[in-house]
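Here the structure is laid out as structure tokens; the discussion comes afterwards.
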Amino acid sequence: MKSPLLSLPGAVPAEGRDEGVAAHYGDLFREQRALADGSGLVDLSHRAVVTVSGGDRLAWLHLLLTQHVSELAPGQATDALILTANGHVEHALYLVDDGETVWMHAEPGTQDGLVAYLESMKFFYRVEVVDRTEDFAVVHLPAGSIAEVPDGVTVRETAYGRDVFLPRADLEEYAAAHGPLAGILAYEALRVEAHRPRLGFETDHRTIPHEVGWIGTAVHLQKGCYRGQETVARVQNLGRPPRRLVFLHLDGSEVVLPGHGTPVRLAADGPEGRQLGFITTSARHHELGPIALALVKRNVAVDAELLAGDTAAAQEVVVEP
């Protein structure tokens, strides 16, 4: 779904999974600094929006999600996952309940699969699942923003800022009143800095929640059964995940950032050495320079110097080995 904000002067379209919104509006670092200072707005209107209403909504979602939501208070934001039967991450959801309806946003283009799964699990529960993507756009206000939100609009407030479920028809007017606009590249750079995983970037078809740091934030370890719980409990109680997320400081002399999927190897082994992982997201940060997240084998030494393709990389631990 193409955002109307792409028609604004200076807007450069994003590519890949974030197609439909702006990568930037002409000055990536200025946009990052504005977000870091608590001003501006990010257009996330390409993200999927799904609602669940009905008297059983929280009890029902509690059975399906990795998060404890049966007693979710109105206005309280939370993250949750839907896992496969083998414990692999299938959906990452960002939720808030307004007292009558649970609002969630998810990765662009995932709404059909998400709604189909939820519909298949309704049984006798009093719930209604609706894809609201065509009617509502998500916009992000950074932490510290004093921008006002229209009455009656659902807001999901976290330590990183507020996600606003804005009527799509109001997007242009709201953005004009609460700029400056920041593109998805600025938003992603701050996400990488904060070590926050994203489905489809820090995950693949084999990812389990432990590998990317979702235990405790999106996975509640003291709740009842849900699909994939056996894997979560087994790894938590008996073992370690096979891979772990790391944060990388990249050599700033390189012109091109290593893209998603770029092999990660030990620097001592050189660019032809054995692959130990891959880059998940890379970004240019306004203070830290080139940075990245990567998924590497658990037994990679925490102090090992790495190579991302041909680029030297120093690691910081995100998930303990």
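The values are calculated or read from the model by the stated rules, or taken from the named source; none is laboratory data. Since this is a predicted model, take the numbers as computed values, not measurements. Quick reminder, even Gly has a Cβ in these numbers, built from the backbone with ideal geometry, and neighbours come from all protein chains shown. Calculation scope for accessible area: heavy atoms of the full protein, side chains included, ligands and nucleic acids excluded. Shrake-Rupley method; radii C 1.70, N 1.55, O 1.52, S 1.80 Å.
Of note:
Residues checked against (1) crowded, with 20+ Cβ neighbours inside 10 Å; (2) over 17 Å from residue 130 (Cα atoms); (3) more than 19 Å from the chain's Cα centre (by Cα); (4) modelled with pLDDT under 95:
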site	(1), (2), (3), (4)
7	no, yes, yes, no
13	no, yes, yes, no
47	yes, no, no, no
60	yes, no, yes, no
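- Boolean, residue 109 is open to solvent by 60 Å² or more (accessible area, probe 1.4 Å), closer than 22 Å to residue 209 by Cα, small (Gly, Ala, Ser) and part of a loop (DSSP other than H, G, I, E, B): yes
- Listed by first and then second residue, the pairs with beta-carbon distance under 6 Å, at least 6 apart or on different chains, first residue in the stretch 228-241 and farther than 16 Å from residue 218 by Cα, second open to solvent by 40 Å² or more (accessible area, probe 1.4 Å), are 240/298.
- The stretch 195-209, residues that are open to solvent by less than 40 Å² (accessible area, probe 1.4 Å) and either free of Cβ contacts under 8 Å to residues at least 60 places away in the same chain or not aliphatic (A, V, I, L, M) (or both): 197, 198, 200, 201, 202, 203, 207, 209
- Selection from the stretch 111-143 of residues that are among the aromatic types (Phe, Trp, Tyr) and touching a residue at least 12 places away in the same chain (Cβ under 8 Å): 117, 125, 136
- Residue within the stretch 222-235 that is surrounded by 15 or more Cβ atoms within 10 Å (Cβ to Cβ), among the hydroxyl-bearing types (Ser, Thr, Tyr) and within 23 Å of residue 190 (Cβ to Cβ) present: no
- Pick from the stretch 263-300, criterion surrounded by 22 or more Cβ atoms within 10 Å (Cβ to Cβ) and hydroxyl-bearing (Ser, Thr, Tyr), ranking: nearest to residue 34 (Cα to Cα): 282
This table checks each residue for (1) assigned to a loop (DSSP other than H, G, I, E, B); (2) on the phi > 0 side of the Ramachandran plot; (3) touching a Pro at 6+ places or on another chain (Cβ under 9 Å); (4) not small (Gly, Ala, Ser).
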{"site": "29", "(1), (2), (3), (4)": "no, no, no, yes"}
{"site": "33", "(1), (2), (3), (4)": "no, no, no, yes"}
{"site": "62", "(1), (2), (3), (4)": "no, no, no, yes"}
{"site": "75", "(1), (2), (3), (4)": "yes, yes, no, no"}
{"site": "90", "(1), (2), (3), (4)": "no, no, no, yes"}
{"site": "117", "(1), (2), (3), (4)": "no, no, no, yes"}
{"site": "123", "(1), (2), (3), (4)": "yes, yes, no, yes"}
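- Within the stretch 84-102, tally of residues that are over 21 Å from the mean Cα position of the chain (by Cα) and more than 19 Å from residue 241 (Cα to Cα): 4
- On inspection, residue 287 passes the criterion of being over 19 Å from residue 86 (Cβ atoms), modelled with pLDDT of 95 or more, out of contact with any Leu (no Cβ under 9 Å at 6 or more places or on another chain) and not basic (Lys, Arg).
- Considering residues of the stretch 281-305 that are free of Cβ contacts under 8 Å to residues at least 60 places away in the same chain and hydrophobic (A, V, I, L, M, F, W, C) only, the residue nearest to residue 242 (Cα to Cα): 296
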